[in-house]
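**Q** A single structure is presented below for examination.
What follows is calculated from the coordinates using simple rules that are stated; it is not laboratory data. Source: prediction; values computed, not measured. Virtual Cβ from ideal backbone geometry, glycine too; neighbours counted across all protein chains shown.
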Amino acid sequence: MKKQATNELPFIHLFETISGYYLYDVNRNKFIQIPKDVYRFLEHQQKLSEQNPASAATETYVNHLMQRGFLKSRHVEKVKHPYTDVAKYFLKHHIVHLVLQITQSCNLRCEYCVYSGNYRNRTHSNKQMTFETARRAMDYYIAHSRDAEQLSVGFYGGEPCLNYKLIQKCVAYMEAAAEGRDVLYSMTTNATLLDKENIDFFVQHGFHLLISLDGPEEIHNKHRKFASDRAGTFQTVLQNIQYMKNNHPEYCHKNVAFNMVVDSENGFFQLSEFIRKNPVISDMVFQTNMIDPKNTDAVPSVNPAYLEEMNYERFLLFLELLGKVPKGSASKLLATYGRELRRTLYENNSLIMSLPEEGHHSGPCVPGSVRLFVTTDGLFYPCERVSEELKEAVIGDIDKGIDLGRAEDLLNYGRQSASRCRNCWAYRCCDQCISYMDEDEQRMEKYCEITRLNVQERIKDACTLEALGFDYALTEDETE
């Protein structure tokens with residue numbers, strides 16, 4: 001076989017699992033299992049080996065792959081997000097979700113919070129959004145979401161319940177101003193200020209509540225403390241959840257979920273067993289987030305036992321997805337990961353044949369179209385994950401609306417890292433968006449490395465599942 005020129009090397013990533021040897025083809029966005037000798041041959045090509053003879057069988061196999069559209073060397077030549085030409089439509093007619101920062105104040109001081117922790121991007125303040133600012137934001141949203149199937153308004157803090165009266169006014173206004181349209185309300189809360197009055201209101205209006213709960217009392221109280229006396233909040237949170245569940249069980253089942261910020265200094269089993277054995281929350285939905293590494297130099301340490309225990313639970317998840325153990329055997333903290341594996345298998349059975357000449361790494365959405373974030377001062381940001389200290393990320397305000405040109409520029413922010421991104425094998429699987437854009441190049445290299453490791457781990461797990469006979473076409477209900 002004639003050796004390819006350096007600039008014609010196939011754009012692929014090679015990896016091994018317990019089930020065999022694989023290549024991930026970036027152009028096809030597909031992973032396939034390959035024979036060991038073909039793997040070794042392609043591995044040498046990737047290393048630019050001068051002497052890389054191929055057996056007749058290997059050459060035949062590689063030629064067959066090429067005939068099927070694999071092993072192309074094509075890279076994106078020009079950075080242009082595929083939504084660039086339709087971004088204006090989405091921002092004028094299809095804004096999906098409005099997030100109102102109704103307060104920057106909080107009654108807690110959580111050590112890892114982006115406001116009160118060791119972060120550079122935000123600080124707590126006494127700022128409260130006025131109804132006039134909220135009304136103008138809602139008017140803008142209603143006028144620019146005419147093609148959205150459903151309106152969706154989220155209340156963000158700080159702790160939103162500190163400005164509960166404004167929440168009431170906003171709901172009443174939306175019901176009048178958007179009469180005839182379905183409106184979904186949501187809120188993330190630390191749950192310490194929930195009481196009969198506001199719970200009844202949230203139930204009446206079908207609020208989706210995401211409650212922060214970090215594990216058993218000793219773990220939760222390590223970080224989540226009252227601002228007034230630095231006392232732990234666990235008992236207060238559990239009592240309020242218990243009250244809500246006793247009085248509104250059906251609502252809790254359908255509308256309440258929990259967000260657990262995982263501190264990897266602790267053990268994974270300890271967190272999982274807390275959920276399994278606590279009768280107040282054992283049947284509830286959980287999602288997890290690691291402590292945010294962006295905009296801070298305080299990097300949390302990882303307990304080796306945490307990784308060992310999490311890997312064991314992942315093994316249980318595999319067995320559960322394959323029907324080898326009863327449903328519910330694996331930790332509920334891995335439910336999201338199970339859905340990611342299924343989606344990975346589904347997406348890698350597509351008919352994509354090649355990277356386009358113009359493109360952008362995956363990750364960014366049209367700024368402001370998926371989650372238009374409005375600060376207490378009425379500034380527009382792409383979403384609440386973006387640093388409020390990054391003035392370059394402001395895409396408008398309640399006076400002028402969204403600056404369409406600025407939003408388009410941010411959508412294509414990958415132009416800043418074009419050379420790095422276009423040569424990255426995780427180009428199609430990247431989750432980095434403009435929430436990273438205020439980080440320096442050295443830190444971005446580190447985030448990129450972590451992203452590649454996470455993507456590879458997910459693809460390896462998906463390949464192993466597929467090799468063991470997992471049917472990714474099953475519905476999510478059947479796999480949970």
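**Q** Please give the FRET efficiency for N278 paired with D139, using the beta carbon to beta carbon distance and R0 = 45 Å, rounded to the nearest 0.05.
**A** Working from the Cβ atoms, E equals 0.55.
**Q** Okay, next question. Given the chain, what percent of its DSSP beta bridges are antiparallel, to the nearest 5?
**A** 40
**Q** Alpha carbon centre of the stretch 441-475 versus the stretch 221-249: separation in Å?
**A** The two parts, judged by their Cα centres, are 36 Å apart.
**Q** With equal scatterers on the alpha carbons only and no solvent term, can you work out the Debye log10 of I(q)/I(0) for the chain at 0.06 1/Å?
**A** -0.32
**Q** Can you give me the three principal axis dimensions of the stretch 355-480 from its C-alpha atoms, in Å, biggest first?
**A** The Cα atoms of the stretch 355-480 stretch 57, 37, 28 Å along the principal axes, largest first.
**Q** Exactly which GluC sites (Glu not before Pro) in the stretch 298-365 are in a DSSP loop and have at most 14 other Cβ atoms within 10 Å?
**A** Hits after loop and neighbour filter: E357.
**Q** At a threshold of 8 angstrom on Cα-Cα distance, excluding pairs fewer than six apart, so keeping six or more, what relative contact order does the chain reach in percent?
**A** 19
**Q** Now for a separate question. Taking a threshold of 21 Å on the Cα-Cα distance, which of the pairs K80/K391; K196/K254; K78/K460 fall above it?
**A** Checking Cα-Cα distances, K80/K391; K78/K460 exceed 21 Å.
**Q** A further question follows. Which residues' amide hydrogens lie under 5 Å from the amide hydrogen of Y21, considering only partners 5 or more residues apart or on another chain, with H built in the peptide plane?
**A** Long-range HN contacts for Y21: I34.
**Q** Using θ = phi - 60° and the Karplus form 6.51 cos²θ - 1.76 cosθ + 1.60, what ³J(HN,Hα) does each residue of the stretch 412-427 get, whole Hz, x for Gly and Pro?
**A** Residue by residue, the stretch 412-427 yields 9, 5, x, 4, 5, 10, 4, 5, 6, 6, 5, 9, 8, 5, 8, 3 Hz.
**Q** Continuing with this model, one more query. In terms of modelled amide H atoms, which long-range or inter-chain residues lie less than 5 Å from the amide H of E388?
**A** Result for E388 returns nothing.
**Q** Against the longest principal axis of the chain, how steep is helix 56-67, in degrees 0 to 90 to the nearest 10, with axes from Cα atoms?
**A** 50
**Q** Go through the stretch 318-371 and name the trypsin sites (Lys or Arg not before Pro) that are in a DSSP coil and have 15 or fewer other Cβ atoms within 10 Å of their Cβ.
**A** In loop regions of the stretch 318-371 (DSSP not H, G, I, E or B), the sparsely surrounded trypsin sites (Lys or Arg not before Pro) are K324, K327.
**Q** In addition: Sketch the reach of a paramagnetic label on S19 as a point 7 Å from Cα along Cα-to-Cβ, and name the residues of the stretch 327-346 whose backbone nitrogen lies under 12 Å away.
**A** Residues 342, 345-346 qualify, since their backbone N sits under 12 Å from the label point.
**Q** Here's a follow-up. Ranked highest first by the average count of other Cβ atoms within 10 Å around their residues, in what order do 443-450, 264-271, 84-91 fall?
**A** Descending packing order for the listed peptides: 264-271, 84-91, 443-450.
**Q** Still on this model: How about the stretch 171-252: which GluC sites (Glu not before Pro) there are in a DSSP loop, with at most 16 other Cβ atoms within 10 Å of their Cβ?
**A** E179
**Q** Determine ³J(HN,Hα), in whole Hz, for all residues of the stretch 83-99 in sequence, where each value follows from phi through the Karplus function 6.51 cos²θ - 1.76 cosθ + 1.60 and θ = phi - 60°; x replaces Gly and Pro.
**A** Result, ordered by residue: 8, 4, 6, 10, 4, 4, 4, 4, 6, 8, 9, 9, 6, 7, 9, 9, 10 Hz.
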